[in-house]
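Single-structure report; data block below.
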Amino acid sequence: METDGNWKARALIIGGVVGTLAGLGAAYMIIRRAEDEEGPPKIGVGEGLKLGLVLLGVLRQVSLIGQRDE
């Protein structure tokens, strides 16, 4: 049986790596789109709010992973 701290540390490391890779992927896509449009990306307040709400939804779904049905 694993120690209590071992699985927590692994979860944090895996989450950090996945989050970093997802962030780099998103930045890469934004850069590619900006290069195609030949200018810097224009991200407005509305787009920022939409993105924030989507991220909250994703975080909520991630928090439900492994939850036992009762």
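Rule-based calculations on the coordinates, nothing more; no lab input. These numbers come from a predicted model, not from an experiment. Note that each Cβ is placed from the backbone with ideal geometry, even for glycine, and that neighbours are counted across all protein chains shown.
Details
- Any hit, the stretch 4-24, residues being surrounded by 10 or more Cβ atoms within 10 Å (Cβ to Cβ), of a type outside the set (Phe, Trp, Tyr) and in contact with a helix residue (DSSP H, G or I) (Cβ under 6 Å, 6 or more places away or on another chain): no
- Of the residues making up the stretch 49-67, those that are outside any helix (DSSP H, G or I) and polar (S, T, N, Q) number 1.
- Within the stretch 30-48, the set of residues being aliphatic (A, V, I, L, M), surrounded by 10 or more Cβ atoms within 10 Å (Cβ to Cβ) and in a helix (DSSP H, G or I) comprises Ile30, Ile31, Ala34.
- Qualifying residue in the stretch 49-66 (condition: surrounded by 10 or more Cβ atoms within 10 Å (Cβ to Cβ) and either in contact (Cβ under 8 Å) with a residue 24 or more places away in the chain or more than 13 Å from the chain's Cα centre (by Cα) (or both)): yes
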